[in-house]
Every structure is written in structure tokens, then in C-alpha cells.
Amino acid sequence: MMQIKRTIKYEADRVRGFSDEIMSVSGCEQLKSCIQCGTCSGTCPLSIYMDFSPRQVMALVRADFKNEVLSSKTVWLCASCYACTVECPRQIRITDIMYALKQRAIKEGIYPKRFPIPILAKEFSEMVRRKGRITETLLVMRLFLKANWRAVLSSWRLGLGLIRTGRFVVRAERIERQAELQKMLAAAGNNNVRPTEAA
Amino acid sequence: MKYSYFPGCSLKGLGRAYEESLLPVMKHLGVELQELEDWNCCGATAYMSVDEAKAGVLAARNLAIAEQNGGHDLLTPCSACYLVLNKTKHNIADFPDIRDRIHCALRSANLTYTGSTRVRHPLDILVHDVGLDVIKEKVVRPLKGLKVAPYYGCQVVRPYSTFDDAWNPTTMDRLLATLGAEVVHYPLKTKCCGGSLTGTLPEAGLRMSYILLKEAVRRGADVIATICPLCQFNMDAYHDQIDRRWGPTRIATVYFTQLMGLAFGFSEKELGLQRNFIPMKPRPVPPVAA
Amino acid sequence: MKTNGKNGDVRIGFYVCHCGSNIAAMVDCPAVAEYVRKLAGVVVSRDYKYMCSDPGQELIQQDIKEHQLNRVVVASCSPLLHEHTFRNACAAGGLNPFYFQMVNIREHDSWVHSDRAEATAKAKALAHAAIRRVRFHRALEPTRVNIHPDTLIIGGGIAGIHAALLLANAGKKVTLVEREPSIGGHMAQLDKTFPTLDCSACILTPKMSAIRSHPNITLWTYSEVAKVDGYVGNYTVTVKRKPRFIDEELCVGCQECIKACVFKEPKFADEFNVGLGKRKPIYIPFPQAVPQVVVIDPDRCIQVKTGKCKQTCVEACADRHAIDFTQQEELLEIKVGNIIVATGYKLFDATRIPQYGYGRYPNVFTSLELERLVNSSGPTTGEILLRNGQHPRSVGFILCVGSRDMKTNRWCSRTCCMHSMKLAQLIREHTDADVTIFYMDIRAPGKGCEEFYDKSLKDGIQFVRGRVAEVTDWALSPEEEGKLVIRVEDTLAGFVRRIPVDMIVLATGMEPQADAQEVRRLLNMSCSSEGWFLERHPKLAPVATFTDGIFIAGCCQGPKDIPDSIAQAGAAAAEALSLIDKGYIEQEPNTAYIEEADCSGCKSCIPLCPYTAISFDESKQKAVIHAALCKGCGTCVASCPSGSIKQNLFEDEEIFSEIEGVLT
């Protein structure tokens, strides 16, 4: 039997104030000027894998379709190459908007389950908080354990290669004044949740 | 010429050959580098996905330490570090809310940052401060006949570069030509290598690295020169997986500093070239220069 | 006319206008009238629904007679709109119109405030200020300036040509100055014109010939305006005539000299064919050039450069003696009453967007280049060819190159959508190539243009909505080998596409001329922030400028197509004609004047005057203000160290009492 899907959107599907929230992030206000030309999607090397193209994400944000945007794969496919930001004829900082969306998706826990990219982001920040520096090989092992332990097995050849070339570091890098850094991060996080302006 | 040096985590780990080649080459040219005291991770792209404010604080701590330790320009070889440090510097200058938050966090650790530290890439320093003529003088083994594809990747040229064009950068092209190498036309020089997606989403990420390798081979390059540890890793370490998926495209990817070292007469071992998965093809020993 | 002493028996009439609900909705008009009624000197105070209406004006006239008013104040809209109306009403009532003062309580009050009580208080304060000030008004007479009947037109494109012919046909003398060796402008380079597809040359060249033969038109090509002095009605213009090394009177355009030139083959990039063709150092720009006279390129001609040429051209010219290597640059002075500026536009330099590969990939063309390729008198005699001489099997048009882009030019160039569709149709007519147009929005608002869009769709031209990200020669698949690949998001289909084509045409946008700022300063005009010459009012005075007697027409004012340029040229000619036929102009007497006894002769005011209206009388050692040039800006008044410069309608006591009134 033919599978069909209803795609109509109702006003109730919009989350009023979401576009204002995103556009109030420093550097993201230019989104108001978007003319949906598609330069971002045309430039993006990863748009070919996205469920919504960057251009569509801009449209969805502007129309307050918060749930659709935050649950899309698009933001997690952004590799931060900044090509869209540089090419946009309206000078919209699209990469920064993607970051603003990623942060909100993580905060609200809306992202594909076992999807490794947000897990990497969280593990990364956790390692920085605890050590001050990243030891890549240890980070990747943690990621594989959390996201997909089978991947460890399939990457044995890569691991061996790293050991052979002396690039496999097992002793964690760390900074001396870790307490200082943690204090600073705590100070920055104090008022982390910015009050959203009433629409 | 003296600079503060921000290695970043990669240059102590997967990208250690970058540091191993950068330091002797700089020393050879009379450039003094002082590693930034107790530097911390810049936050890279991953931290910015979690918390923008904290990511800014991570970068700002390094900028503040650099400013307080003599205020020299901060030499930053890793592309991600270069971008994040520069971005934070711009954000502090452009956005009062970010500035306030970062200053507040710095104060909690008795640090200050007035915005004076300049974040600079080794390419910028080599071409604009040291000068190609000085570099040319140091070349004892010209890379004659070596066809190199210059690959810049994303985050140095975009969006904060002040020293080269975002669309068609040429500093590395000119540097390589000075070393005697033949620079091949490489239209993908600023395309993305896949970044961390090679690990997290190989289907997409590895294909991007594969395209870069394939095009370099098609353009007749012997080797790809890169300026970023993540690009080098992606284009070097995943060859077995790339081969399995799309067929073999064996070409070595090395740091531009390694090519400089070779031209200056350093041995492969002194430059960390043995750390490559795909080794650079051995080159015939040229006749001793007159 | 009634006059009275400065502080004599002042009898003021005050009128506050409701402007329907524009003012009355936010300002309590009866309360304002009530307030003003009690002020010193006020004899009549009324509120009325529409003061600008006939009954409103009659009210003023009646009151002047009935109550012997000798001052009138109206609180209503902007003086820009109705000061003239109310001054005329005063004059009709027998009062010198400069005994009138206007208060703006609409733009300055009711439209910009949201608190009715406060807006009403502000209206009262502004009215009070005017009541205090008007007491000191004096009877003034507008200055009258005669208009010289000749007109200068700068720029010989279609706009300049059309304006010149209109004025000349009305019997007025015109001098048309063109920088290039021929008139015709960009229109002469076009093959066909949208949306009717009529031949550009066929409709333009009769007008060009008419310019040459018209007894009322002096045509100076290869010339530029160097200096403009004077004021409306009385401009003195210096024109620089560059040496073309040909006597225009003697040359008959036989072209024997060109054949005889020591350069046997054309060697140098030909400007008219935008570099796609070649010409010799001695040439005629294009077959229909006007004047049909050769020109010698001083940068290429061996004789001009070194003086050591065999001069085979002179030999060929023989008895005509039209070639004259001794020609020098000339400066000529003319007197005119009006100037029409029609200096046109410059095309965007496509190399500024390196993503599109212009200058890097040989088969990326600009739309003007394609225009020359399509044209039967062009370098390929109308064959559309790639650089290697082959016919393209597929062509892509990229729109908005250097338009609607904050990194280059923000504005829409208005003609490129239609222009590209026209070229696309011509390609379909001349070849069997597939044509795709990449666009952001199709803008076809002109008459017959939407129909033309429909025709393009029916002709099988593909339209892809998306701004092209990149043009590359990097092939990912066999069908892309050897082609130019366009990467674009097809925003309507919803995915990214790679489209290989043989030829790419960039629809480059319009920009102000490179020397627009110099021309602006020369003529004392203003420019918009983008650099286009600024019209006096975007709706009501689209071809006038802020300098009286100087008009603008065509693309120097902003991008436009041929019909719009012609319409503006007609409007500019009519504006000039109305001044010429009236014979004089009355100017607002708000000019500065010098109390000669107090002037110390320090000359500090002279360089400050933006209108060069102040000169120095050496015999008296005093500054002199030329009222016809003075615009009443007040710069000299404020800067005069001895306080000897005053300004009509802005005397010290008028301003100070106005301030007191506001503060009371």
C-alpha cells in the first residue's frame, strides 16, 4: 500500500517568539533580510545530505517553526566551513545561526537519538571543563563508547595506524590552573539563560 | 621577531608533526616563538555548539594571557584555533553583551583583556613579516619538479582572514613556488574536508575528503600541502576506509611547514614526516647545490 | 500692499488646520486656537478642517480685509507642501506674502507623537513661537532672474539625444556634449530591445542623424564639461574638446585613411564591441556613428606617440586635408540658462565576483558582450560563438551579478531580468541551444513585460530559481567534462543541482559612472548614498535637482530601461522649456545680505559659501553677496566675525523671539 504523509502546518505548530529569540543573538539579526536566494544551500558542501537546506532552515526559523528546525538533521550536518556566511548576499551569519540552533537543541534535548555529533559536542565540552585541553584519541574513544561501540571495532585499523605513527596519545593533556578555568566557566554560565523578550 | 605561540590541542596529539616541523623551520628563519603559558583548549567548533558564552570565555582566557605576557602577536597554526580566537576577538569588539559577559568571567580569575592581542597564522607571518626573499635564501634543496596541490581548507581563509582572499587565497601558492615547487591549479583549495564529520558521519565526511584527494590526483599533483591538523588527519588517516568505499586515491597530504623544512635541508625524521599514514614518495637526492 | 513699521500696530490672524484627522486625531485644534487667541497681537484665531482648501484660503483673505490683519500664521503641514498656497492667499488678500509664517504641526507633531495631551502642548508652543516671530517679519520682494534661452545637455545617450531634439524642435538652441567619439550611448550597442524585439539601431539611428543635422543643435563629441559657473538662467560652462586629430568639418567619413593606416590589420581592443573585436589606431567607432567622422587614438597612433610615422593616412586623405596632427585640446566657453545631465551608467565589473569565473574561464561572458555577439554588425556578424569558434549547445544566464548584493551593490538594476530574457529568446532564435536562466525573482513590471516573460516560458527557456553559488571547471561526472558547471540550489524544486553548460552569460548590473562624484561637484548636485544623482523629490520632482536650472534624466539618476529614460528626458526638456518660455524665475528672498558698514573685509565668508555666491569687491574692500546665487543656507551669517551678514526671514530678532515663544 502507498504510504502517505500529511504535511500541512497549522498556526498552532508555530512557537511564537522563536524567531525573535534567534535573531536577538548577537550577529544573527541580519536574518530578517533573508531573500531566500539559496546561495547558502548552493555553497554548502553538506546541504546535499540535509533534510532541510540551510535556506529552508532560515525560512523555518523566521516563521517560528521551532520544533521542525530543532529536530532536523541540518544543524548537525553543518561542518562550520563558513562558506555560506562569506557568500550570503545579505550578509547573514548563517554559521552562527546554526550554532544558536545547536545550543537550543542540546539544551532542550531535541536531537536524533544516538546521533554522534551532539554527543561529540557534549563530550568535548565535558573534557575541556575537566582538563582544560582535549586529548583527541581519548575523546574519540569516549564518543564511540557513547554513540556506537561497534565503530570501535571497525576502526581498529585506524587505531593501529595511529599507534604505529606515534600519534596515539593515552596520557591526558591538562592545564595547570584548572580551578581558574572552571571558575571562569562558572562565571560565564551564571546568567546563561538569556530572558527572551516578550513578543 | 618574537611571537607568542598557541599550539592548540591537535598539535600535541594527532597533529604533532605540524609542531615538529613548524618549530625548527621558524627557528631556522630566526623567528622566536614562546609557547603561551598554561594555554587551554580554544573550544573549537564543538564547544560553540554547546554554549556560546563559555566558548568565548575559553578563547578569551588565552587572549588575556597572551596580552599579559608581553602582548606579542599570537601565532596560531591550527585552523580551528585561528578561527575561534579571531571570532572571539571580533565578538568582544562588536557586541557589548558578549564583551560584558567575557570581561565578567575574566575578572573572576583576575584576568583582563583590552582587545590588543592579534591572532595570526604562520602563513601570514612567513609571507608578510619574514618575507619570501628571506625564505628563498634559506632554500638549499629546492623542491624542483615536485607538483604540489595547495589546500587551505576553510577556517583560516573564512571568515576572519585579513591576510588573504577568502575565495582565491594565494599566500601558500607563492610560498611553495619560492621553495621551488610546481604549484598545480587546484580549484578546490578552499573547499571543506569534512571536518569532524569524517568520524561522526563517515558517509558524508569521508566523501568530502575523497573528492579533495581525487581532484588533486586528477590535476597531476604529487602531494597535497595543508595548513590545518584536522584536514591533514582526514586526508591521510582514513585512506583505508576511502579506498574501500570509492577505490584507491593514494596521495600524501603533508603540512606546508614540512615542505619548507625539506627545502631547508632538514631530514624527514626531523620534520615528523614518518608520522604520515600515506608517506610522501621518496624523492631522488638532488645534486649538491653549487 | 500693506506695510507697517517693524514694531508698529501688529494685527495677527492665526489658523490651525485639522488636516481631516491627520492633525486633529492627535492635537486638540480648538484648544490650540483658544490658547493663541489670548496671545499679544492676535486679532483672529480659528481652527478649520482643511486650511488648504478654497474655503480655507478665502477665510484668510476675508479676515485680512475685515480685521485689517497685517500678519498671518497657519499651523498645519510642512511648508514644503503649502507655504506657497498660504503666501498666495495672503497676497490675494492684499498682504505682502512674507508677512506670513507657517507652523508644521503634522510631520513635526501629530504624526510622530502618541500622547494627545503632550502633542497638543507642543502644538501650542510651536504656534506661540510663530506668533512671536511673525511680528518681526518685513515685506520682501522675490528676486527676479532672467533665463538665458540656450540649454546644455551633458551625455549623448538616448536620454540626452531625446531631450536635445525636443528642445531643438521647440526652437531652442542646444549644445550636446558627449565624452565618446560618437553619440548613441549604451543603446547603440544593443541588438534588439525588449519587450517588442524591435531593432535598437533602427529606432535609434534616425534620432542620432537628426541631432547631427538639426540647425538648433551644436554637437560636441569627444568633449567633456570642465567647469560650470553661474546660477539658474545664467550658467557659464567651459567645455574641454579633446583633439581627435581630424577636422570634423572636412572629414566625409570615406574611411580611406583607415584602409591606408600603417597597421595593416586591426589590432587593438574595440571599445564598441567591448573588446570582442579589434580596431586600428584610426577608426570610426561603429558603422552608424554620429558624427560619421574618424578619430585617432592618441595612445595607439605612432605619429601621435612618436612623430615618426609614414603618415599613410594623410596621403590617403589627399586634398581634403582632414587629418591634422597639430590639433590641441581646446577649452570653449558657452552661456546657457539650463543644464540637463544625462551621463548614464557604468556596467558592474564582473571580476569583482570571482565565484562566477569571469576573466578566468573564457566562455563566461557579460550580457553586453553577448549583445555584441548577437548583433549582425558585431565581431561575429551575428553568430553566437564560443571563444573557440564553436556553437554553444547550452547556455546559462546568471542574474543579479552585482545587484541586490550587500557585498557589491544593494540595488536592483531593474533591466537585467528583461534584458536576459530578451537575449535568451535571441539565442533560441539563432541557435538550437538549451537556455537556462538562474534568477532570484523575475521582475517584469513594465508594459508588455509580463507577457514577454510568458513568451520566454513558452519558448522553452528553463527558469531555475536560485542564486548561483559557483561556476567551476571541476567535473564530477563524465557529462561535466570540458564544461562549465553551475552549482545552485533549485529553491523551488528543493535540492542542489549541478548543471553543466558551454556558455555562461552574467547579467551585470548598473552602477553610477566612475566619475559621478566629480560631475556632482561640478554641477553642485547631490548624490544618493549609492552614488546616483539625487532628484529634488522622489515623486513630485523626479528630474529636478536641488540646484535650480539643473535637471537629470536617464540612468544617471538610477537604473532604468529605455522607455523610462526617454520619459525622464522628455520631462527634463519640459522643465527647461517652462523656465525658458517664462523668461525669468522668482527666487525665495531668504538670501543673506551684508551690512556694508560693518564688514571688515576679512574674506572668511568667501571660502565657506557652498554656492560660491560671495565675491570680494577690491575697490571697496568689502564682501559682496550675489543674491541670485545665494541659497539661504546661513553658513556665512553664522561665521561672520563682525556680525555684518544678515539673512532675510532669519534675522536675529526673528530667531530669538521664536525661541522665546517655544520656551514660554
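The values are calculated or read from the model by the stated rules, or taken from the named source; none is laboratory data. Just so we're clear, the structure is a prediction, and the values are computed from it rather than from any experiment. Positions of Cβ are backbone-derived with ideal geometry, glycine not excepted, and every protein chain shown enters the neighbour counts.
Can you go through A:CYS81, A:CYS88 and tell me which one is crowded, with 23+ Cβ neighbours inside 10 Å, more than 8 Å from every other protein chain (Cβ to nearest Cβ) and under 30 Å from B:LEU230 (Cβ atoms)?
After ruling out the rest, the residue left standing is A:CYS88.
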Enumeration of residues in the stretch C:416-469 that are under 35 Å from the mean Cα position of the chain (by Cα) and acidic (Asp, Glu): C:ASP441, C:GLU450, C:GLU451, C:ASP454
Taking C:ASP473, is it surrounded by fewer than 23 Cβ atoms within 10 Å (Cβ to Cβ) and either touching a Gly at 6+ places or on another chain (Cβ under 6 Å) or modelled with pLDDT under 95 (or both)? yes
Looking only at helices (runs of 4 or more DSSP H) that lie completely in the stretch A:1-119, which have at least 1 residues being farther than 27 Å from C:GLU470 by Cα and within 12 Å of the chain's Cα centre (by Cα)? A:66-70, A:94-108
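This table checks each residue for (1) in contact (Cβ under 8 Å) with a residue 60 or more places away in the chain; (2) touching an Asp or Glu at 6+ places or on another chain (Cβ under 8 Å); (3) of a type in the set (S, T, N, Q); (4) assigned to a helix (DSSP H, G or I).
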{"site": "B:GLY199", "(1), (2), (3), (4)": "no, no, no, yes"}
{"site": "B:ALA204", "(1), (2), (3), (4)": "no, no, no, yes"}
{"site": "B:ALA221", "(1), (2), (3), (4)": "yes, no, no, no"}
{"site": "B:ILE224", "(1), (2), (3), (4)": "yes, no, no, no"}
{"site": "B:PRO248", "(1), (2), (3), (4)": "no, no, no, no"}
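Looking for something over 28 Å from A:ARG114 (Cβ atoms), in contact with a strand residue (DSSP E or B) (Cβ under 9 Å, 6 or more places away or on another chain) and within 14 Å of chain A (Cβ to nearest Cβ) - is there at least one such residue anywhere in the stretch B:193-211? Step through it out loud before you land on a result.
So the first thing to find is which residues in the stretch B:193-211 are over 28 Å from A:ARG114 (Cβ atoms), and the list is none.
Checking the stretch B:193-211: not a single residue is over 28 Å from A:ARG114 (Cβ atoms), in contact with a strand residue (DSSP E or B) (Cβ under 9 Å, 6 or more places away or on another chain) and within 14 Å of chain A (Cβ to nearest Cβ).
Taking A:PRO116, is it surrounded by fewer than 24 Cβ atoms within 10 Å (Cβ to Cβ), of a type outside the set (A, V, I, L, M, F, W, C) and closer than 30 Å to C:ARG410 by Cα?
Against the criterion (surrounded by fewer than 24 Cβ atoms within 10 Å (Cβ to Cβ), of a type outside the set (A, V, I, L, M, F, W, C) and closer than 30 Å to C:ARG410 by Cα), A:PRO116 does not qualify.
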Can you list residue pairs whose Cβ atoms sit under 9 Å apart, with the first residue in the stretch C:361-389 being farther than 13 Å from C:LEU347 by Cβ and the second being among the basic types (Lys, Arg)? Count only pairs 6 or more apart in sequence or on different chains. C:PRO362/C:ARG387; C:ASN363/C:ARG387; C:VAL374/C:LYS192; C:ASN375/C:LYS192; C:GLY378/C:ARG372; C:PRO379/C:LYS278; C:PRO379/C:ARG372; C:THR380/C:ARG372
Filter the stretch C:460-480 down to residues that are of a type in the set (A, V, I, L, M) and away from chain A (no Cβ under 13 Å), then give me how many there are. 2
Go through the stretch C:290-313 and give me each residue that's in contact with a strand residue (DSSP E or B) (Cβ under 9 Å, 6 or more places away or on another chain) and either in the same structural domain as C:LEU219 (by TED's automatic domain parsing) or touching a residue at least 24 places away in the same chain (Cβ under 8 Å) (or both). C:VAL290, C:PRO291, C:VAL293, C:VAL294, C:VAL295, C:ILE296, C:ASP297, C:ARG300, C:CYS301, C:VAL304, C:CYS313
Suppose the filter is at pLDDT 95 or above, within 14 Å of chain C (Cβ to nearest Cβ) and surrounded by fewer than 24 Cβ atoms within 10 Å (Cβ to Cβ); does A:PHE65 pass it? no
Starting from residues that are under 30 Å from the mean Cα position of the chain (by Cα) and within 24 Å of C:TYR99 (Cα to Cα), keep the ones in the stretch C:585-606 and report whichever is surrounded by the fewest Cβ atoms within 10 Å (Cβ to Cβ). C:GLU586
Considering (1) in contact with a strand residue (DSSP E or B) (Cβ under 9 Å, 6 or more places away or on another chain); (2) within 30 Å of A:PRO54 (Cβ to Cβ), say which one C:PRO478 fails and leave the rest. (1)
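Across the stretch B:97-144, what is the number of residues that are more than 13 Å from every other protein chain (Cβ to nearest Cβ) and either closer than 19 Å to B:TYR255 by Cα or not basic (Lys, Arg) (or both)? Write out each step before concluding.
Of the stretch B:97-144, the ones more than 13 Å from every other protein chain (Cβ to nearest Cβ) are B:114-144.
Keeping just the survivors that are either closer than 19 Å to B:TYR255 by Cα or not basic (Lys, Arg) (or both) gives B:114-117, B:119-144.
Total meeting the criteria: 30.
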Name every residue in the stretch C:547-566 that is within 12 Å of C:HIS186 (Cβ to Cβ) and surrounded by fewer than 24 Cβ atoms within 10 Å (Cβ to Cβ), in order of residue number. C:PRO559, C:LYS560, C:ASP561, C:ILE562
From A:SER19, A:SER24, A:SER33, residue being in the same structural domain as A:ILE97 (by TED's automatic domain parsing), more than 30 Å from B:TRP167 (Cα to Cα) and touching a residue at least 40 places away in the same chain (Cβ under 8 Å): A:SER19
Would you check if C:GLU489 is of a type outside the set (A, V, I, L, M, F, W, C), within 14 Å of another protein chain (Cβ to nearest Cβ) and not in a loop (DSSP other than H, G, I, E, B)? yes
Any strands (runs of 3 or more DSSP E) falling wholly within the stretch C:72-155 and containing at least 3 residues that are at pLDDT below 95: C:143-146
Of the listed residues (C:PRO512, C:PRO500), the one being farther than 30 Å from C:ASP229 by Cβ, touching a Lys or Arg at 6+ places or on another chain (Cβ under 9 Å) and more than 11 Å from chain A (Cβ to nearest Cβ) is C:PRO500
Inside the stretch B:1-25, the number of residues satisfying the requirement of being assigned to a helix (DSSP H, G or I) and either of a type in the set (Phe, Trp, Tyr) or in contact with a Pro (Cβ under 8 Å, 6 or more places away or on another chain) (or both) is 5
For the stretch A:94-111, name all the residues that are within 11 Å of chain B (Cβ to nearest Cβ) and of a type outside the set (Gly, Ala, Ser). A:ILE94, A:THR95, A:ASP96, A:MET98, A:TYR99, A:LEU101, A:LYS102, A:GLN103, A:ARG104, A:ILE106, A:LYS107, A:TYR111
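Mind telling me which of the residues C:SER213, C:SER223, C:SER209 ends up being within 25 Å of the chain's Cα centre (by Cα) and either in the same structural domain as C:GLU34 (by TED's automatic domain parsing) or of a type in the set (Gly, Ala, Ser) (or both)?
Details: C:SER213 fails: within 25 Å of the chain's Cα centre (by Cα); C:SER209 fails: within 25 Å of the chain's Cα centre (by Cα).
Only one candidate qualifies: C:SER223.
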Of the residues in the stretch B:167-192, how many are farther than 21 Å from B:ASN234 by Cβ and within 14 Å of chain A (Cβ to nearest Cβ)? 2
Please verify whether C:VAL496 is over 27 Å from C:THR343 (Cβ atoms), at pLDDT 95 or above, touching an Asp or Glu at 6+ places or on another chain (Cβ under 8 Å) and not in a loop (DSSP other than H, G, I, E, B), treating the condition exactly as stated. yes
Cβ contacts < 6 Å: first residue more than 7 Å from every other protein chain (Cβ to nearest Cβ) and closer than 14 Å to B:GLY199 by Cα, restricted to the stretch A:117-144; second residue modelled with pLDDT under 85 and not in a helix (DSSP H, G or I), any location; separation 6+ or different chain. Result? A:PRO118/A:TYR111
Of the listed residues (B:ALA204, B:ALA225, B:ALA177), the one being crowded, with 19+ Cβ neighbours inside 10 Å and in the same structural domain as B:GLU268 (by TED's automatic domain parsing) is B:ALA225
